[in-house]
Structures are given as C-alpha cells and as structure tokens.
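Everything below concerns the one structure shown next.
The values are calculated or read from the model by the stated rules, or taken from the named source; none is laboratory data. Remember, predicted model here, so these are calculated numbers, not experimental data. As a convention, Cβ positions derive from the backbone with ideal geometry for all residues, glycine included, and neighbour counts pool all protein chains shown. Areas reflect the complete protein model, heavy atoms only, side chains present, ligands, DNA and RNA absent. Shrake-Rupley method; radii C 1.70, N 1.55, O 1.52, S 1.80 Å.
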Amino acid sequence: MLRKIRFKSIRTSMIIYFSCLVLLIVTAFMFFSIKYTKENLMENSEENSRRLIEQVNLSIENYVDHMENISHVVVSNRDMREYLFGDDETGVWPHLKEEFQTILQVRKDIYNIAILGNNGRYFINGGNRAMNTRAQLEKKEWYREAKEAGSEIVISSSHVQNLVKGDYKWVVTLSRGIQNPKTQQVEGLFILDLNYDVINDLCESIHLGNKGYVYIVDQKGEIVYHPQQQLILSGVKNELLKEVLNQKTGISYKDENGENKIYTTFRSGKTGWTIVGVVYTSELVKREQDMRAMYIGMALALIVLAGVIAIFLSDSITKPIKQLQAGMKKVQEGRFQPVYIDAGGDNEIASLNRSFNRMTEHIDELMKRNMAEQVEKRKSELKALQSQINPHFLYNTLDSIIWMIETDDAQQAIKMTSILARFFRQAIGNSDVFVTISQELEYTKNYLLIQQMRYRDKVTFDIQVNPDILECHIIKLIMQPLVENALYHGLKYKEGCGHIWITGYRLENKVILKVMDDGIGMDTETLQKLFRNKNKTGGKHNGVGLGNIQNRLKLYYGEEYGIQVDSEREIGTAITIEIPFLLPERKEDTDEKA
Amino acid sequence: MKKHKNGIVLVLLLLAASCFVFSLIRLGEFRENKKVKIVFIPKVMDETNDFWMSMISGAKSAAREYQADIVILAPQIENDYVRQEKYIDEAIKLNPDVIALSPIRYSEMTDSVWKIKEAGIKLVLLDSMLDEDLAECCVSTDNIEAGTQMGNKMLDYMKDDTKIAIMSFVKASSTAIEREQGVRTGLGEYENRIDTVLYSNSDYEQAYEQTKQLLKEKPEINLIAGLNLYSTVGVARAVREMDLKHKIYIVGFDNDVEGIQYLEEGIIDTLIVQKPFNMGYLGIQKAVEIAKGKKVEKIIYSETEIITVDNIYTDENQKLLFPF
C-alpha cells in the first residue's frame, strides 16, 4: 500500500512517515499503559478493599478480645458466684455493683453487663435496673445458643436487647455459662452487650469509593450489619448473604439494577463473621475512563507536538536540499554558479553541496577551456589554410617567372611577380578572420591572374559583383579555394579555353556570391569526395575542401548559411555562397563572438 | 506548493486539537450529568421520631447509592405546615432536579406545591398525597390495603359478643378515611360490629381521654383499632390504666418504644407497621430515575408488616421496629 503512494517531496514524506511512526509508537504505548493501569487499578481496588475490611475485622476482634477478657475476670469472680449461688446475696451486692460500674465506665462500648442465675437471681449493670419480665429470653436465638454452649463463650449476631426493662438497644452479645462451684453445673449466664453503634460507625466510616459499602454476615448467613438491612430483609433489594460464606474473595455480581459489584470477603476466625467489602465496578470504570481520557488526550497532544516538530525538522533537513535543487536547476540552464546552502555542519548534504560546487567549478573551467581551445583551433585552422597555399602553385609560378625572364619577357615577369607579391601579402599579411568582399575578390582575382598568365589561353574569367556588397564582410579564404576547385576539377581537364564567372549581389539581408565554370562538371561521387576531404594535406592541389568551407560558413554565420553546389557533367559547376549582409561596424561583435 | 502543504498540516493540527478539547468537554458533561440534585422535605426531623428518621436515612441511603446530591429541609416539629411551605420556596430557589415532599396537609398546601411545578421542577410525594395530581410519582403505604390487613387481623380476635371501636385521627384526612375504609373491608361481614368511630386529632391525650370516656360509657366494647400511632398509644395508655388488659384487644398502627412495650406486655395485640426506610429509599430512587428521564409508575406502594408479640424480634422486624 505504502509503496503505491509517492509523495511529491521529501519534506511531505518525512512529515508523514515521522507522524505515522510517532502515531504508531504513541498508540502502542497508550494501549499498554491503559492495559497496565487498568489492571493496576483493579488490583489496587481489591487490595484497598481487602485492607479496609481487614481493618474492620481487626477492630471488631479487638472489641471481642476485650469482652472476652472482661468475661474471664467476671466469671472467675468469687463475689459474683456468691451472689448468684451463695447464701449472702445482699452482702456481696456492693462489691458487684462497684465492679460492674467500673467496667461500664472504662468501656464505653459496653452497653450492658449482666449475670442471670437459673434460680432467678440476676444483676444488671449497676444493679439498679430491673429485668424486663416480658423479655421471653428463651425465644431469643442468642439466648438459646448461649444456653446450649454451656460454659463456652458465644458471640451472637446483632440483635435488639430487651433484657432491661424499657430499654431496647441494638447490641452484639457475648455470653458465657457460669458454673455453680458447689454442683459443678452450669447454672447461670454471663452477658456482655457490645454497643452496636460501635460496629455501625466502624462500617460506615469505611469508604470504598463513593457508593461502595461494607457489610457483615454471621456464620449462618444472617446480617450482622448492612447499611440497607431493611431493604434486604423486606426483599426490596438482594444481597449476597449465604453466598459469601464459603467464597474466598473477589466475587463479581450483578444486582437488580444491572450494576456490577465486586465483593471482597474476609472471614474472622474469632467471631465467625464474614466481613464483605463491596465496590461498584462503575466507579472503577469511571476512574478508568478518566484515566483513558487523560491518556488519549496526552497521546493526541504528543502527536500534535510530534507533527509540529516533524514539520520543523523536515524543513530544516530539506531546506539545503531545496537550495541545492535550485542551484542544480540553474546549472542545468547553463549558469555555472556555485550554490551556497546553509546545511549547517558537515553532514551528507553539505558534502554533497561541496562536491556539487566542485563539479560545477570543474565543468565551468572545462567549458571555458574548451571554448578557448575552439577559438585557438579555428585560428590555427585558418593559419593552416593560409599556409596550405599549395607550394606547387608557388614553384610553378616561380618557374613561369623564370621562364619569362629567360625569354626576355621582362614586362610579363614583372607583372607576374608583382601580382604574386600582392597575392602573398594578402594571404599572409592579414591575420584577421574577416575581410571585406572586395578584399577577398581582389585576392581571388590576383590568384586567377597568376593562373591565367601561367596557362595563357587556358582560362578566362569575369568578375561581376554588385558594388553595394563590396564593403560587406566575409570570412577570409572562401572564394579563392572555390576558384581553385573550379580550375583543378572543372577546367583542367577541359579541352580548349575555360571560363570562370564570379557574380555577387544582395538579396534582402543576404549576400549571394556565385562561382561558376564551364568545365567538365562533377558527378555526385566526386562532389561528396570534395565535401569529405575538408583538409587534405600533401595532395597535389589545394587542400581546402568544400566541406571545410561549408563548415566554416555554418560555424560563423549559422546553419541557414553555407554553400550549395550545382554541377552537371560537360556543362559545368556552379557554387553559390550565401552569407548574411554584414557591414564592418559589426566586425568587432562578430569577432568577439567567434 | 508549500502553502498547500502547510494548509493540510494546519487542518490536521486543528483536527487533533479539536478532538482533544472535545473529549475533555464530553468527559466533563458526562460527569455533570450524572449528579442529580434532590431536595427532600419530610414532615419532621426529630431524633426521637423513629418513623421520620428512618425515612430520612432511607432517603440518604438511596442518594448515596445513586450518587445524588440530597438536601434535607425539615420542620422541627410535626404538623408545622407553614414552615414546610417556606421550605418549599427555599427548595425552589436551590433549583434541584426533583423535590421529594411529604406534605403535611392534604389540600391547604396546593398553592405552594404549584410553584414547584411552575419552576419546572419534578415532584415526588412521599408518605402522603395531595388533593391535586401534581406529582410524577407517589411513594406511600397503601392505606386501604393496610387497613384491610388490620381488619383481617381483627377477625382473629372476633368473638360472638365483640363490639368494635375505631380510634381514627383526623377527620376527613385522606389517610384516616382510607385506613378506616380498609378496616371495614377487612372485617367483611363483621363490619356491623363497629360500634363507634372516634377521632384523636393525632394527640395522645385526646385518644387517652376519649378512650376512657368511651369505656366508661360503653363497657361492652372489647376490640379497639387505633388508626395511627397517637391513637394507638393513647388507647393503650387508657386500657392499661383501667387495667383492662386481656379484656380488651387493641390493634394499632405504627410503633414507638412505648407501643412495643405495650405489645410485649400484651396490652396491644397487633401493630400494623409501615416501612419508612423503604419509603425514603424508594422515593429517592424514583426521584433519580425521573431526573434521568426514565418512566416510573405513578404510585408505588410500600408494604406494611403485621407485628405481634411473637415476631417482634425476628431479624426483619427488629430492624423495622428499632431502626437505630
């Protein structure tokens, strides 16, 4: 998929890849964080519940311990036995009163302290409280259990104590049978009531979230404490009562409102009660939602931040690349300037830039050198052309002059020598590339005159050039080689006298020059050969080929200019030169351009 | 080109930022929506009045369970309906979602209650009704049913020569009428045994005096039904004083420690006991449901329990009779 997407710039792809990477990492991180924190939250909650209910249990056992201690003290008390089973009932009364009152004063959590004899004697609290004659104790569960247990300690569930007349109080009762020392039989009951408020306050003070609560059931699964005891007993609400007895811990239960609760239980060895902590899953979930929202928010913020950083980073990385790109574009357009980028430091881009600049410099240098070489090459080419004036031509001319002197034709010799001198002055003396057409024609004329004198009646020529082009520029050594060509390829093999016409005129912005002969003409094969051998040295005749002329014209004037050869066997050859009409003022420019 | 890209980035940034903000806002809303605000106006809040304290603790228990904010505005003495009307005004100013009210008067308070409706606050009635149908929901004891329960129980004490007196409380109060009607239904064919109907005006003294008067004038009366706590206790006091225990059966309504003692002593034979904790709990539970836009039943009846000397100390009943 990714492979199919191609971003238009490195910058975009960097931003997107970087962002994707960050997104991936942050998402993964968030996922694990949430998972871990969630587990942690659950564990913490359970741990917290367990700690709290253990604390409740500890407090309750503490109370029970104290009550047991009191029971030990009271049961082993001789005054008490004397009071219940002895003869001197009234004698020990003040002692008993003092003892019971002390206990009640020290322990505010003790609500009632009482001894009941099977014989009907009893002593309650300060001894000044009457027993509720309608109490019907034998109908009460706690009393029956206490009786059945003999001299064992029994801890009741929570109940309303109606033992004392006109007093109805919620208590938890610790009871213990009292032995009559005479008969060694259990003939009395010691009763110690723990104020239920103690347990109530204890359980209410425990906070398991805002909604969670603590409740206690006894070993029969009956409620000792529950904040909503009435609702449960009248069936408005359900609660796990017997169900929690044998459960280890961590029960999950859905109540009638569809609320999920987690129950943590702890069974007290001392009382046999099971203390249960209830936590609402929804509260945990809410905390979890808060946490998740926080994580997601943080992740989003991080991603945004990463995005911004990605933009800046990619900017700073791609900026030098862009600068380099712009520089390269310039180079591509032919401007060889070094590119300066702020790559900062010594990284790959900077080194790339350095290499690029070195390369540009190098190319620039090469180009310049190449240009210079070209100029140099043309100059030497010209020189070569100039020096290429066939030495045979010189020997032959000189032979002709000698022959003229020998025949005492001094006039002719002088004439020829002077023409030759002029010819060479023109050929060698002027090192300029450009000459005027008149100069070129003069040069050509001198050459033709010399040839005419040598071959006498073999050649005649006629130059008819429009005077308005005479001042026009032309590259040196264009016309003469063409004439030489005409002589050696056209007229040389012709029987009888041959004729050469040279014409010239202006056609709009062009100058047309023509060299025509009525020689034997050339076939295309010869023509091609002439064009090909542009610089053939060592040949018998002039080495400047048509190809060379053509090249030079095109080089200096452009592609639309040059020469055109029309030739026909036995009729002759016509060579047309086309050059632009340029006057000497522009000589400088063209020279420079060259 | 570059501008275009920056635009995309900017859009992405805005999108991310708005997501972030949106999630925060949504979370906040979610939380605020959850807290329902309720004002509960009972008839009285008095530490010695088990019935109302029980109802208030039931209400608090529900508020805690459903995470509602509850404010309790209660007169300190019962029957102070002028004070209760002031509390209604105060409650409206607090602008809660629901007001839970136990109106002291059946018809005199209608104007006050109308203000609750006008303020757009939902109303739940607890324990007592109004003469106009203004509440979304009423939670109360089914007085006819309770009366019937009492009447049925009275059949147990029916002998050939049984003559019945009814000690009602406020003449023309809806509860009194309904309970009496229920008793008559419960008695069925023995309805004609009803000899006298008296009104204690919810006063121990009046009940006591009237009973004494009655028993002097009509010694043949041997079954008395007290239709509320004041009537029942007043009757019991008179019977006890005249030492007519076991000669006259007493069935009564509601309980306090004195009533329980008479029950234990055998002066009172049966008490029909309401469940105020449940009433308070259910009332607030329904109030929360109404505030959350749920449909609730118009009338929810809370049960009553028949208490005799034999079942005072059962697990369920002792919590009912001795709530604290």
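Scanning the stretch B:87-139 for residues that are without any contact (Cβ under 8 Å) to a residue 60 or more places away in the chain and polar (S, T, N, Q) turns up B:N95, B:S107, B:T110, B:S112.
Once the stretch A:150-179 is narrowed to residues that are open to solvent by 20 Å² or more (accessible area, probe 1.4 Å) and part of a strand (DSSP E or B), the residue that is farthest from A:P94 (Cα to Cα) is A:S157. Would you check if A:L58 is more than 35 Å from the chain's Cα centre (by Cα), in a helix (DSSP H, G or I), crowded, with 16+ Cβ neighbours inside 10 Å and more than 13 Å from every other protein chain (Cβ to nearest Cβ)? Spelling it out, it is not the case that A:L58 is more than 35 Å from the chain's Cα centre (by Cα), in a helix (DSSP H, G or I), crowded, with 16+ Cβ neighbours inside 10 Å and more than 13 Å from every other protein chain (Cβ to nearest Cβ).
Going through (1) in contact (Cβ under 8 Å) with a residue 24 or more places away in the chain; (2) within 14 Å of another protein chain (Cβ to nearest Cβ) one by one, A:V308 falls short only on (1).
Every residue, every condition in (1) closer than 22 Å to A:Y17 by Cα; (2) touching a helix residue (DSSP H, G or I) at 6+ places or on another chain (Cβ under 6 Å); (3) more than 14 Å from chain B (Cβ to nearest Cβ); (4) surrounded by fewer than 17 Cβ atoms within 10 Å (Cβ to Cβ), yes or no:
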{"residue": "A:E256", "(1), (2), (3), (4)": "no, no, no, yes"}
{"residue": "A:K261", "(1), (2), (3), (4)": "no, no, no, no"}
{"residue": "A:G269", "(1), (2), (3), (4)": "no, no, yes, yes"}
{"residue": "A:I275", "(1), (2), (3), (4)": "no, yes, yes, no"}
{"residue": "A:V279", "(1), (2), (3), (4)": "no, yes, no, no"}
{"residue": "A:Q289", "(1), (2), (3), (4)": "no, no, no, yes"}
{"residue": "A:M294", "(1), (2), (3), (4)": "no, no, no, yes"}
{"residue": "A:A299", "(1), (2), (3), (4)": "yes, yes, no, no"}
{"residue": "A:K322", "(1), (2), (3), (4)": "yes, no, no, yes"}
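Is there a residue being farther than 30 Å from A:S9 by Cβ, out of contact with any Pro (no Cβ under 8 Å at 6 or more places or on another chain) and either surrounded by 14 or more Cβ atoms within 10 Å (Cβ to Cβ) or within 11 Å of chain B (Cβ to nearest Cβ) (or both) anywhere in the stretch A:328-340? There is no residue in the stretch A:328-340 that is farther than 30 Å from A:S9 by Cβ, out of contact with any Pro (no Cβ under 8 Å at 6 or more places or on another chain) and either surrounded by 14 or more Cβ atoms within 10 Å (Cβ to Cβ) or within 11 Å of chain B (Cβ to nearest Cβ) (or both). Screening B:M242, B:M279 for residues that are in contact (Cβ under 8 Å) with a residue 12 or more places away in the chain, touching a helix residue (DSSP H, G or I) at 6+ places or on another chain (Cβ under 9 Å), aliphatic (A, V, I, L, M) and surrounded by 22 or more Cβ atoms within 10 Å (Cβ to Cβ) leaves exactly one candidate, B:M279. Which residue is farthest from the other protein chains (Cβ to nearest Cβ), if the candidates are limited to the stretch A:133-149 and must be in a loop (DSSP other than H, G, I, E, B) and at pLDDT 85 or above? Taking the candidates together, the pick is A:A149.
Taking the numbered list (1) touching a residue at least 60 places away in the same chain (Cβ under 8 Å); (2) open to solvent by 10 Å² or more (accessible area, probe 1.4 Å); (3) aliphatic (A, V, I, L, M); (4) in a helix (DSSP H, G or I) in turn, B:V296 passes all entries but (4).
Residues that are of a type in the set (D, E, K, R) and either at the interface with chain B (Cβ under 10 Å from one of its Cβ atoms) or assigned to a helix (DSSP H, G or I) (or both) do not occur anywhere in the stretch A:244-252.
Residue by residue, here is whether (1) more than 26 Å from B:L214 (Cα to Cα); (2) acidic (D, E); (3) modelled with pLDDT under 90; (4) not in a loop (DSSP other than H, G, I, E, B) holds:
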residue	(1), (2), (3), (4)
B:G252	no, no, no, yes
B:I267	no, no, no, no
B:L271	no, no, no, yes
B:F277	yes, no, no, yes
B:Y281	yes, no, no, yes
B:V288	yes, no, no, yes
B:I300	yes, no, no, yes
B:Y313	yes, no, yes, no
B:N317	yes, no, yes, yes
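Set side by side, the residues B:V71, B:V39 differ, and just one is open to solvent by 10 Å² or more (accessible area, probe 1.4 Å), more than 14 Å from every other protein chain (Cβ to nearest Cβ) and either more than 22 Å from B:D254 (Cα to Cα) or part of a loop (DSSP other than H, G, I, E, B) (or both), which is B:V71. Within the stretch A:100-118, being in contact with a Gly (Cβ under 8 Å, 6 or more places away or on another chain) and either in a strand (DSSP E or B) or surrounded by fewer than 17 Cβ atoms within 10 Å (Cβ to Cβ) (or both) holds for A:Q101, A:L104, A:I115, A:L116, A:G117, A:N118. Scan the stretch A:243-250 and give yes if some residue there is modelled with pLDDT of 80 or more and not β-branched (V, I, T), otherwise no. Within the stretch A:243-250, one or more residues are modelled with pLDDT of 80 or more and not β-branched (V, I, T).
Among the residues of the stretch B:73-88, those that are under 11 Å from B:V39 (Cβ atoms) and in contact with a Lys or Arg (Cβ under 8 Å, 6 or more places away or on another chain) comprise B:A74, B:I88.
For the stretch A:473-515, the set of residues classified as crowded, with 21+ Cβ neighbours inside 10 Å, in a loop (DSSP other than H, G, I, E, B) and not aliphatic (A, V, I, L, M) consists of A:K476 only.
In a residue-by-residue description of the stretch A:223-239, the property of being within 12 Å of another protein chain (Cβ to nearest Cβ), out of contact with any Gly (no Cβ under 9 Å at 6 or more places or on another chain), touching a residue at least 40 places away in the same chain (Cβ under 8 Å) and open to solvent by 10 Å² or more (accessible area, probe 1.4 Å) applies to at least one position.
The number of residues in the stretch A:195-223 being of a type in the set (V, I, T) and in contact with a Phe, Trp or Tyr (Cβ under 6 Å, 6 or more places away or on another chain) comes to 2.
Out of the stretch B:182-192, which residues are surrounded by 15 or more Cβ atoms within 10 Å (Cβ to Cβ) and either more than 27 Å from the chain's Cα centre (by Cα) or polar (S, T, N, Q) (or both)? Listed by number, the residues that qualify are B:T185, B:Y190.
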